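One structure is given here, and the rest of the page talks about it.
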Amino acid sequence: MLTRIQVTRHAVETRVKGSTKPSLSDQNVILVIVVGGMNGIEVLEAQEALSESGRADVEVFLGGTTFLTPADMLDKESGPSRWEI
């Protein structure tokens, strides 16, 4: 895990070498935050995409405001029931 000093040093070294912005392909850690919730299918798709990328050195961290179950998804799709007022 990189400390703040290592991240800053990397940013400075990158600029000195002439590159102004690191490429996504240069990253070993990817953090994905989903606002509004995520479900199991999205987690599986992220795992699939990572395995298809062929990059064993990459770590992906997924997070979200909520983790939606199938029942949650059904409730969201069907809208509020007539019993909820």
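The values are calculated or read from the model by the stated rules, or taken from the named source; none is laboratory data. Predicted model, so just to flag it, every value in this text is computed and none were measured. We place every Cβ from the backbone using ideal geometry, glycine too, and count neighbours over all the protein chains shown.
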Evaluate the following for residue 57: is it part of a helix (DSSP H, G or I) and either at pLDDT below 80 or charged (D, E, K, R) (or both)?
-> no
Among the residues of the stretch 41-69 satisfying the criterion of being more than 20 Å from residue 28 (Cα to Cα) and without any contact (Cβ under 8 Å) to a residue 24 or more places away in the chain, which is farthest from the chain's Cα centre (by Cα)?
-> 41
Is the stretch 28-41 home to any residue that is at pLDDT below 70, loosely packed, with under 10 Cβ neighbours inside 10 Å, on the phi < 0 side of the Ramachandran plot and not in a helix (DSSP H, G or I)?
-> no
